[in-house]
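Throughout, read-outs are computed from the coordinates displayed, never taken from laboratory work. Just so we're clear, the structure is a prediction, and the values are computed from it rather than from any experiment. For neighbour counting, all protein chains shown are included, and Cβ atoms are generated from backbone atoms with ideal geometry for every residue, glycine included.
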Amino acid sequence: MKILIIDDERSIRNSLREILSDEGYVVETAENGAEGLSMASKTHYDLIFCDIKMPGMDGVEVLEKLMDEGSESAVVMISGHGDIDTAVECIKKGAFDFIQKPLDLNRILITIKNATDKTKLVSQNKNLKKKVYGGERMVGESEAICRVREMIEKVAPTPARVLITGGNGSGKELVARSLHALSDRAAQPYIEVNCAAIPSELIESELFGHEKGSFTSAIRQHKGKFEQADGGTLFLDEIGDMSLAAQAKVLRVLQENKLSRVGSDTDIKVDVRVIAATNKDLRAEIEKGAFREDLYHRLSVIVIRVPGLDERKEDIPLLVDYFVDRICTETAMPRKTFSSQAVKMLQERSWKGNIRELRNVVERLLILGDSEISAANVRDYVL
């Protein structure tokens with residue numbers, strides 16, 4: 001762990017450096033705010049101790065500049081007795097903690113441990129986000145997919161509910177994750193529910209939770225997906241397959257922002273942004289009496305239609321390159337190239353399974369095809 005101490009008092013700098021060095025930390029010092037900022041801009045420090053009262057640039061200014069520059073260092077303010085109000089204000093501006101003078105060794109070590117734990121948590125969160133949001137991206141330059149990207153950028157920062165429509169395998173889940181990742185809820189939970197994969201008798205328990213003993217197999221209390229997504233986003237995939245009874249309860253949550261678990265009369269408040277997706281024509285389902293019209297209007301504040309692959313075949317060369325790179329990286333498979341004729345043949349065929357089908361086909365050709373995937377390989381293994 002690398003630590004920077006910014007303090008104009010030499011005695012404090014030296015004593016703190018000696019203490020922390022003895023504890024095994026790599027410690028550097030700066031005698032004023034300007035010097036400290038310069039050092040922080042060139043080197044990453046896991047933790048920065050910064051005095052509040054310093055001549056020239058004070059600690060508050062240093063903190064503000066560090067925050068403006070997007071520093072990932074945990075900043076701990078060192079405050080005198082008269083600086084407590086200022087120290088509290090610093091916390092609001094992004095400081096991790098403050099330590100009051102005279103400095104106490106145990107307090108310092110506890111603060112370092114807490115800061116280390118926070119740094120690890122932030123790092124884990126970033127890695128998780130990379131896996132969730134960075135693992136896949138929306139590939140293509142066609143007019144159809146560019147319109148979808150523009151819609152996502154406009155809608156994501158708003159609280160509006162979104163209904164995503166499109167065929168199976170077209171990328172509806174990726175649109176939903178992108179909406180969450182670009183929203184002000186990005187740091188909060190993102191929960192997915194495939195409504196078609198849950199038996200109708202269990203969907204209410206899955207969405208709204210249940211109390212212990214509310215039915216035969218309810219051996220413990222269970223929080224439903226709405227509660228798990230509190231503060232964040234709930235993605236209801238294939239909502240057209242949800243039972244009418246569950247639809248009624250979802251409607252209530254959307255109207256009142258509260259729910260009750262199965263087996264309970266107690267209301268629980270939730271703050272959830274709902275994004276729904278379907279491959280069905282919900283208006284036709286409404287006509288058949290299989291979907292509630294009032295729920296449809298609640299969900300479809302914004303409708304984003306994801307085009308099928310047959311509508312954007314000009315993107316297939318880019319998608320093939322993307323899938324080759326991903327599959328070979330993930331599986332350590334030897335990289336292969338696709339001949340122009342092979343790609344042309346892929347563009348000429350119909351893709352009822354959309355992007356998902358194309359990915360499977362690319363993987364199949366990488367496994368079975370020659371070092372350069374040829375038109376003959378496509379004829380043998382795809383057409």
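Using just the C-alpha positions of segment 2-131 as equal point scatterers, what log10 of I(q)/I(0) does the Debye formula give at each q in 0.14 1/Å?
-0.57
Please report how far the C-alpha centroid of segment 163-210 lies from that of segment 333-378, rounded to the nearest whole angstrom.
About 30 Å separates the Cα centre of segment 163-210 from the one of segment 333-378.
So which lysines pass the test for K352, namely a Cα distance under 23 Å, with those fewer than 8 places away in the same chain ruled out?
K172, K280, K313, K344
Residue by residue through segment 306-323, which ³J(HN,Hα) values in whole Hz follow from phi under the Karplus form 6.51 cos²θ - 1.76 cosθ + 1.60 (θ = phi - 60°), with glycine and proline marked x?
Result, rounded to whole Hz: 8, x, x, 5, 5, 8, 9, 5, 5, 7, 4, x, 5, 5, 4, 4, 5, 5.
What ³J(HN,Hα) values, in whole Hz, does the Karplus curve 6.51 cos²θ - 1.76 cosθ + 1.60 give for segment 66-71 when θ = phi - 60°, with x put for Gly and Pro?
Using θ = phi - 60°, the values come out as 4, 5, 4, 7, x, 4 Hz.
Below 26 Å, Cα to Cα, which lysines can K212 reach? Residues fewer than 8 away in the same chain don't count.
K223, K225, K249, K258, K269
How would you rank R149, R137, R177, going from fewest to most other Cβ atoms within 10 Å of each one's own Cβ? Let's see the in-between values first.
Values: R149 14, R137 11, R177 19.
Going from sparsest to densest Cβ surroundings: R137, R149, R177.
DSSP beta bridges in the chain, what fraction antiparallel, as a percent rounded to 5?
Details: 3 of 41 bridges.
Antiparallel bridges: around 5 percent, rounded to the nearest 5.
If the reach is capped at under 29 angstrom between alpha carbons, list the lysines near K53, excluding any in the same chain fewer than eight residues apart.
Those lysines meeting the cut-off are K2, K42, K65, K92, K93, K101, K113, K118.
Order of T329, T233 from fewest to most other C-beta atoms within 10 Å? Please list the in-between numbers first.
Values: T329 10, T233 23.
Exposure proxy ranking, most exposed first: T329, T233.
For the chain, just say rounded, prolate or oblate: build the C-alpha gyration tensor, square-root its eigenvalues into a ≥ b ≥ c, call rounded for a/c under 1.5, and beyond that prolate if a/b exceeds b/c, oblate if not. Each step should come with its number before you reach the end.
On the way: a/c = 2.66, a/b = 1.53, b/c = 1.74.
Here the chain falls in the oblate category.
Starting from the Cα gyration tensor of segment 180-295, take the square roots of the eigenvalues, sort them a ≥ b ≥ c, and report rounded, prolate or oblate (rounded when a/c is under 1.5, otherwise prolate if a/b is larger than b/c, else oblate).
Working: a/c = 1.71, a/b = 1.13, b/c = 1.52.
It comes out oblate by the Cα gyration axes.
Shape call for segment 310-381 from the C-alpha gyration tensor, a ≥ b ≥ c root eigenvalues: rounded (a/c under 1.5), prolate (a/b greater than b/c) or oblate? Please list the in-between numbers first.
Working: a/c = 1.71, a/b = 1.27, b/c = 1.35.
Judged from the Cα gyration tensor, segment 310-381 comes out oblate (a/c at least 1.5, b/c at or above a/b).
Rounded to whole Hz and in sequence order, give me ³J(HN,Hα) for segment 272-282 from the Karplus expression 6.51 cos²θ - 1.76 cosθ + 1.60, θ = phi - 60°, writing x for Gly and Pro.
10, 8, 9, 10, 10, 9, 7, 9, 9, 7, 5
Hey, in the GNM for the chain with a 10 angstrom Cα cutoff, which one of M138, M67, M242 fluctuates hardest?
M67
How would L182, L295 line up from fewest to most surrounding beta-carbon atoms within 10 angstrom?
Values: L182 15, L295 22.
In order of increasing Cβ crowding within 10 Å: L182, L295.
Let me have the 222 nm mean residue ellipticity of the chain computed from DSSP H runs of 4+ only, each contributing -39500 (n - 2.57), with the sum over all residues rounded to the nearest 500. If you can, show how the numbers build up before the last one.
On the way: 16 runs with 173 residues, N = 383.
So the calculated ellipticity at 222 nm is -13500 deg cm²/dmol.
Give the residue list of GluC sites (Glu not before Pro) in segment 36-120 that are DSSP loop and have at most 15 other beta-carbon atoms within 10 angstrom.
On the way: sites: E61, E64, E69, E72, E89; in loops: E69, E72.
Answer by residue number: E69, E72.
Using a 10 Å cut-off on Cβ atoms, rank the peptides 20-30, 43-53 from the highest mean neighbour count down. Can you show the working numbers first?
Working: 20-30: 15.2, 43-53: 21.4.
Top to bottom by mean Cβ count within 10 Å: 43-53, 20-30.
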